[in-house]
């Protein structure tokens, strides 16, 4: 088996054995497959792309084909999961705020990753180049990008505050999903991908 | 009619009959003292008898799901698209069993067969059977065939309802449940369509209260209308527009009531061919089985409670343009399974074919179905070799 993508490796470190996990936008099921085998996790994935549904089923991952923008309340009651994970999906949602609220409702903890729009290269391209940033993490042009709700670490954290969400843990990595010293010192400037572990304040004890 | 059988077809198949003398107590309170079930099988049963798949048919289906009865057949079985060597239900791997349900008109005991007590055709005297009755009769066939546990029970539409019933009634007798284009019960709109069908059949002057066999006639007008209505609802608006548009058969309007538009010609053809192959009393029974199906009813309408005891792993699929058994209804099933932490995969397949999509080899549909069936195969317990 090829090595797990580093951000997924970080996430799986945060997930305890034998827990229940919901993966929003689970892609080809790599994370759930890994968690199932390494941590005996019981999980479901939600995904929209037909080819990914096939890949998930091939891996024996429980996958539900649905559009996350239609919400997840149709399927899941409150507190159905220990963790709800959303990797590189939030920024492509029409209603990220609603989805964030829903994920914190159906799960005890949330794990969210997204590309940091506050990274210095993004800032430089906009400030000096005068054009929308294009990078390894954000490879599309403004007119064909699926990423319609980009944000910075600062933006995300202020939304969390607004929604009564406490940040339990934060990591930033570069586009190759590696830890760098810079990301630790100036995460919003030097981190390319943000990884958060979050919980509702009212659940935090 | 194939000159050469296609390589991905199971080929020539022969229906078999199982006769049962142990009375079957039905939901309606009546009892069938003895009855026949006609069935077909495709593919080898392994020595552990653990690779068997049960196929449940829909409203107008029968035991002939795949292959050909003779080289003169114009068409193969009704689910040839999914059953055969290398197809999702791979006959190189599975032993597939499909039967004609009780009340059917293709060989199993039903209105057009002889009532052993009176020596005359059952006609309208054949008891109304339910999906639960069917599952019980199918379980008896499984006993007869020596199949303790199905690798999977699979069905589309009304067939999918039978799969749900199986998972509820015999949780240990199936490892996988494949429910395609189905619903946990019919909507009022669906029951309404069925009622129009029943009125069309019963108001035909040749219906004779269901005793038409004795009069040597068939209520063909009613059957035609019933089938035409059915066909309209099995297709989507888009599919009909794409297939027929406003195309005229003779390229001009004739200011008359003969067939003018292509869609009229299609519906009339479908109606007429149905008259030749189907029985009005069976049609009535099938619509009733559909209307009555509601496993949640016994649990105060709570489907999650109805499915609480299921042990099978589920694959649920729906089609985006299916408005008779819409994706919303399949999602209800998925939701109820998730409530009980059941193992479930759900595919909502983009297709503009309407309800009929479940019989059509749409690439993504065949891909996910095939992938799931590989999991079903992988779940077959290893055979113990002595």
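The values are calculated or read from the model by the stated rules, or taken from the named source; none is laboratory data. Predicted model only: the values in this text are computed from it and were never measured. Counting neighbours? That spans all protein chains shown, and the Cβs are built from the backbone with ideal geometry, glycine included.
The table that follows gives values for the structure above.
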| read-out | value |
| --- | --- |
| Test: residue in region A:65-77 that is more than 17 Å from residue A:106 (Cα to Cα), in contact with a strand residue (DSSP E or B) (Cβ under 6 Å, 6 or more places away or on another chain) and either at pLDDT below 95 or surrounded by 24 or more Cβ atoms within 10 Å (Cβ to Cβ) (or both) | yes |
| Condition check for residue B:378: closer than 21 Å to residue B:88 by Cα and within 9 Å of another protein chain (Cβ to nearest Cβ) | yes |
| Selection from region B:352-371 of residues that are within 11 Å of another protein chain (Cβ to nearest Cβ) and either assigned to a loop (DSSP other than H, G, I, E, B) or buried (at least 23 other Cβ atoms within 10 Å of the Cβ) (or both) | B:362, B:365, B:368, B:369 |
| Qualifying residue in region B:303-321 (condition: more than 9 Å from chain A (Cβ to nearest Cβ), surrounded by fewer than 24 Cβ atoms within 10 Å (Cβ to Cβ) and within 15 Å of residue A:74 (Cα to Cα)) | yes |
| Residue identified as within 21 Å of residue B:298 (Cα to Cα), in a helix (DSSP H, G or I) and at pLDDT 95 or above among B:128, B:168 | B:168 |
| Residue tally, condition part of a helix (DSSP H, G or I), within 18 Å of residue B:285 (Cβ to Cβ) and touching a residue at least 12 places away in the same chain (Cβ under 8 Å), over region B:196-224 | 12 |
| Candidate set from region B:341-351 (those that are at pLDDT 95 or above and facing chain A (nearest Cβ under 8 Å)); member that is surrounded by the fewest Cβ atoms within 10 Å (Cβ to Cβ) | B:350 |
| Filter result for the condition that a residue is touching a strand residue (DSSP E or B) at 6+ places or on another chain (Cβ under 6 Å) and over 19 Å from residue B:299 (Cβ atoms), over B:174, B:201 | B:174 |
| Residue match in region B:258-267 (condition: under 18 Å from residue B:356 (Cα atoms), touching a helix residue (DSSP H, G or I) at 6+ places or on another chain (Cβ under 7 Å) and touching a residue at least 24 places away in the same chain (Cβ under 8 Å)) | yes |
| Pick from region B:322-339, criterion within 12 Å of another protein chain (Cβ to nearest Cβ) and in contact (Cβ under 8 Å) with a residue 24 or more places away in the chain, ranking: nearest to the chain's Cα centre (by Cα) | B:330 |
| Helices (runs of 4 or more DSSP H) within region A:1-87 that include 1 or more residues within 12 Å of chain B (Cβ to nearest Cβ) and free of Cβ contacts under 8 Å to residues at least 24 places away in the same chain | A:50-59 |
| Condition check for residue B:215: within 28 Å of residue B:156 (Cβ to Cβ) and either within 30 Å of the chain's Cα centre (by Cα) or surrounded by fewer than 17 Cβ atoms within 10 Å (Cβ to Cβ) (or both) | no |
| Subset of region B:34-80 (residues that are under 17 Å from the mean Cα position of the chain (by Cα) and in a strand (DSSP E or B)) | B:37, B:38, B:39, B:40, B:41, B:53, B:54, B:55, B:56 |
| Evaluation of residue B:299 against (1) more than 10 Å from chain A (Cβ to nearest Cβ); (2) buried (at least 19 other Cβ atoms within 10 Å of the Cβ); (3) out of contact with any strand residue (DSSP E or B) (no Cβ under 7 Å at 6 or more places or on another chain) (one fails), failing number | (2) |
| In region B:81-125, the residues that are assigned to a loop (DSSP other than H, G, I, E, B) and under 15 Å from the mean Cα position of the chain (by Cα) | B:81, B:82, B:100, B:101, B:102, B:103, B:104, B:105, B:106, B:108 |
| Any hit, region B:118-130, residues being crowded, with 24+ Cβ neighbours inside 10 Å and touching a strand residue (DSSP E or B) at 6+ places or on another chain (Cβ under 6 Å) | no |
